[in-house]
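Since the structure comes first, as structure tokens, the remarks are kept for the end.
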Amino acid sequence: MFASITKSLLQLHPFSAHELDLITVRFVTTPLKKGEFLLKAGQVCGGVHFLERGSLVQYRQQDDSDTIDGLYLPGDWVIDNLSFVSRKPALASISAFEDSAVMGLDVSSIHELIGISPVFFVLGKLLEHNFIGVEGKLSPKSIDEKYVELLTTRPMLFQVFPLKHIASYLQITPETLSRIRSRIK
């Protein structure tokens, strides 16, 4: 059960077997049915989660539509960075797109680990990794470049999520995405 999370943690830092045990024993598995929330807008993000199974969508409600900030697949780390770091209510919600299972490490467990050893400060890289993903989405690339990058680096998103979700994630209309897809075949 912890094989995928251990592999991901080892990409952050060469943790010893003992350190990995100290981390993984603190994770709590939460099943989510399709449509259930991991985090609702207005709640404070209380930890970092690893998506073990299923898929999640992070979105903000604006006017009459949702703006998608994140699309998550198994193996992804899921967190609302701003809410977690500032301890302020989240602006976005994170919900299960399909039946899912997440493994969560709450903020008190992270603090406890850091109290055991400074090596666990490296867990902050989980926040950085997630933030870089969001920043990459906002980088000054052309829409075509963003689409190709997403298609190249995360092709499974196109297998799981409808194109309207991917268009919103890329901050374009579904029609623009359709034109890009036909142009870049």
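The values are calculated or read from the model by the stated rules, or taken from the named source; none is laboratory data. Treat the numbers as computed from the prediction; the structure is a model and nothing was measured. FYI the Cβ positions are ideal-geometry reconstructions off the backbone, even for glycines, and counts take in every protein chain you see. Calculation scope for accessible area: heavy atoms of the full protein, side chains included, ligands and nucleic acids excluded. Shrake-Rupley method; radii C 1.70, N 1.55, O 1.52, S 1.80 Å.
Computed quantities for the displayed model
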{"item": "Flag for VAL122 being open to solvent by 10 Å² or more (accessible area, probe 1.4 Å), free of Cβ contacts under 8 Å to residues at least 60 places away in the same chain and either part of a strand (DSSP E or B) or not hydroxyl-bearing (Ser, Thr, Tyr) (or both)", "result": "no"}
{"item": "Within segment 93-119, considering residues that are among the β-branched types (Val, Ile, Thr) and assigned to a helix (DSSP H, G or I), the one surrounded by the most Cβ atoms within 10 Å (Cβ to Cβ)", "result": "ILE110"}
{"item": "Residue match in segment 82-92 (condition: in contact with a helix residue (DSSP H, G or I) (Cβ under 8 Å, 6 or more places away or on another chain), open to solvent by 60 Å² or more (accessible area, probe 1.4 Å) and part of a strand (DSSP E or B))", "result": "yes"}
{"item": "First in segment 56-73 and over 16 Å from GLN43 (Cα atoms), second anywhere and part of a loop (DSSP other than H, G, I, E, B) and not aromatic (Phe, Trp, Tyr), Cβ under 7 Å, 6 or more apart", "result": "ASP69/ALA92; TYR72/SER55; LEU73/SER55; LEU73/MET156"}
{"item": "Criterion violated by ALA92 - all others in (1) modelled with pLDDT under 90; (2) closer than 23 Å to GLY42 by Cα satisfied", "result": "(1)"}
{"item": "GLY70 open to solvent by less than 20 Å² (accessible area, probe 1.4 Å) and touching a helix residue (DSSP H, G or I) at 6+ places or on another chain (Cβ under 9 Å)", "result": "yes"}
{"item": "Residues of segment 40-65 classified as open to solvent by less than 20 Å² (accessible area, probe 1.4 Å) and of a type in the set (Ser, Thr, Tyr), total", "result": "1"}
{"item": "Residue pairs meeting the criteria (Cβ under 8 Å; at least 6 apart or on separate chains; first free of Cβ contacts under 8 Å to residues at least 40 places away in the same chain, in segment 82-98; second surrounded by 15 or more Cβ atoms within 10 Å (Cβ to Cβ))", "result": "LEU82/ALA90"}
